[in-house]
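For reference, the structure discussed in these notes is given below.
The values are calculated or read from the model by the stated rules, or taken from the named source; none is laboratory data. None of the values given here were measured: they were computed from a predicted structure. Virtual Cβ from ideal backbone geometry, glycine too; neighbours counted across all protein chains shown. Note: areas computed on protein heavy atoms with side chains; ligands, DNA, RNA excluded. Shrake-Rupley method; radii C 1.70, N 1.55, O 1.52, S 1.80 Å.
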Amino acid sequence: MKSDVILLGHGSGGKLSHQLLDDLIVPILSGIATRDQNDAAVLHHDGGRLAFTTDSYVVDPIFFPGGNIGDLAINGTVNDLAMTGARPLAISVGLILEEGLPLADLKAILEAMRAAADLAGVAIVTGDTKVVPRGKGDRIFINTSGIGVFDHPLEIRGSGARPGDKILINGTLGDHGMAVLASREGLALESDIRSDSAPLNHLVADILAAAGGAVHALRDPTRGGVATTLKEIALQSGVDITLQESALPVGEAVAGACAILGLDPLFVANEGKLLAVVAPEAAEEILALMRRRPEGREAAIIGEVGAVSAGKVYMATAIGGRRAIEMLAGEQLPRIC
């Protein structure tokens, strides 16, 4: 889809988002190659490496089952750093507040940010606050930037997937996106679904300590969901990926809600999940490690990397078929992070 103006779909994390980045933003601002676009930039300095990332949060509603915009912002930036293998160190917070936002709401959001940072073990070290007139914002937007350090020589990037690798996920699909949607729309299923928003840096640290050399790629499947994220990895690495439909962990409530609303949980956002592409001989060890941690109790091996190719993703269906999976084309659920 081509358009002369920005559409909601340009913020989906899917095909339109990639077109906007590849055709306009990246060529003008940095020119970085697609295969080098990861969750955080890796900077080399004085013989060492640093990870640096930034993200903005516009979720609606700002409070939802399982979290709010504050802890979501901290967890999201912590996870972007962790997906490069870095140890998150410090975070900045930029607050854009709309006139009329209740101070009680702001206090609750700030307290959630503080608690999330403490849980992740990162420091909030700097920030900025701006206030816009009533009607010129939507209560609150948050920007967070983060910096991390590497305690190891491993290089983990989206282009690292190799033929034969196994693909693991640390739990169920689609919980965050459906929790936000249910809360926004006041659906009766709201009480059954909670966001999975959580920091993943401790889980990543354990995986790297146990089997670091076997970890070839890590990515958190946020906007665009698991399908879009795996398509990104396939394109960056130049490989085929095949998912096993029967192995995908989807909670009963999320599956039911998706069926009612006509949504595919493969494309619904997650905020406490990671995809790990690992050497086949280490897959069972990493799976067992994930399941010993609270954020990985429902971990599963969901697919494998096939031949070198132009970056195709397929689903081996439960009834024995095979279908191609593409990136999210438009905007399935706007403003979920």
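Within the stretch 54-77, the residues that satisfy the criterion of being among the hydrophobic types (A, V, I, L, M, F, W, C) and open to solvent by less than 20 Å² (accessible area, probe 1.4 Å) are V59, I62, F64, I69, L72, A73, I74.
Taken together, the residues in the stretch 120-148 that are under 24 Å from the mean Cα position of the chain (by Cα), of a type in the set (A, V, I, L, M) and open to solvent by 30 Å² or more (accessible area, probe 1.4 Å) amount to 4.
Criterion applied to A307, A329 was being open to solvent by 40 Å² or more (accessible area, probe 1.4 Å), over 15 Å from P221 (Cα atoms) and touching a strand residue (DSSP E or B) at 6+ places or on another chain (Cβ under 8 Å), and the one residue passing it is A307.
May I ask you to verify whether L333 is part of a loop (DSSP other than H, G, I, E, B), modelled with pLDDT under 95, in contact with a Leu (Cβ under 6 Å, 6 or more places away or on another chain) and of a type in the set (A, V, I, L, M)? Break it down stepwise before answering.
Values: part of a loop (DSSP other than H, G, I, E, B): yes; modelled with pLDDT under 95: yes; in contact with a Leu (Cβ under 6 Å, 6 or more places away or on another chain): yes; of a type in the set (A, V, I, L, M): yes.
Yes.
Only one of the numbered conditions (1) closer than 23 Å to K273 by Cβ; (2) more than 23 Å from the chain's Cα centre (by Cα); (3) of a type in the set (K, R) is not met by R184, and that is (2).
A count restricted to the stretch 78-87 and to residues that are open to solvent by 10 Å² or more (accessible area, probe 1.4 Å) and not in a helix (DSSP H, G or I) stands at 1.
Of (1) open to solvent by 10 Å² or more (accessible area, probe 1.4 Å); (2) β-branched (V, I, T); (3) in contact with a Lys or Arg (Cβ under 6 Å, 6 or more places away or on another chain), V313 satisfies all except one. Which? That leaves (1) as the condition not met. Is it the case that T242 is polar (S, T, N, Q), in contact (Cβ under 8 Å) with a residue 24 or more places away in the chain and in a helix (DSSP H, G or I)? No, not satisfied.
When the stretch 177-225 is examined, which residues are found to be within 26 Å of G158 (Cα to Cα), open to solvent by less than 30 Å² (accessible area, probe 1.4 Å) and β-branched (V, I, T)?
To start, the set of residues in the stretch 177-225 that are within 26 Å of G158 (Cα to Cα) comprises 177, 195-225.
Next cut, open to solvent by less than 30 Å² (accessible area, probe 1.4 Å) only: 177, 195-201, 203-204, 207-208, 211-212, 214-221, 224-225.
Hits for the stretch 177-225 are V204, I207, V215.
Considering the conditions (1) surrounded by fewer than 18 Cβ atoms within 10 Å (Cβ to Cβ); (2) in contact (Cβ under 8 Å) with a residue 60 or more places away in the chain, E284 is excluded by exactly one of them, (2). Residue count for the stretch 11-25, restricted to those that are closer than 20 Å to F267 by Cα and assigned to a helix (DSSP H, G or I): 8. Within the stretch 299-311, residues that are in contact (Cβ under 8 Å) with a residue 60 or more places away in the chain reach partners that are of a type in the set (S, T, N, Q) with beta carbons closer than 7 Å, at six or more positions or on different chains, in the pairs A299/N170; I302/Q244; G303/T242; G303/Q244; E304/T242; G306/T242. For the stretch 1-53, the set of residues classified as closer than 25 Å to G94 by Cβ, of a type in the set (S, T, N, Q) and surrounded by 15 or more Cβ atoms within 10 Å (Cβ to Cβ) consists of S12, S17, Q37, N38, T53, listed by residue number.
In the stretch 93-114, of all residues being open to solvent by less than 60 Å² (accessible area, probe 1.4 Å) and of a type in the set (G, A, S), the one that is nearest to N79 (Cα to Cα) corresponds to A112.
What are the residues in the stretch 96-121 that are within 30 Å of R49 (Cβ to Cβ) and free of Cβ contacts under 8 Å to residues at least 60 places away in the same chain, if any? Spell out how you get there, then give the answer.
The first filter runs over the stretch 96-121 and keeps only residues within 30 Å of R49 (Cβ to Cβ), leaving 113-121.
Residues satisfying the conditions are M113, R114, A115, A117, D118.
If the condition is being touching a Lys or Arg at 6+ places or on another chain (Cβ under 9 Å), under 30 Å from D46 (Cα atoms) and either assigned to a loop (DSSP other than H, G, I, E, B) or open to solvent by less than 10 Å² (accessible area, probe 1.4 Å) (or both), then the stretch 156-176 contributes R157, G158. Which residues, taken from the stretch 245-273, are touching a strand residue (DSSP E or B) at 6+ places or on another chain (Cβ under 6 Å) and either in a helix (DSSP H, G or I) or free of Cβ contacts under 8 Å to residues at least 40 places away in the same chain (or both)? Correct list: E245, A247.
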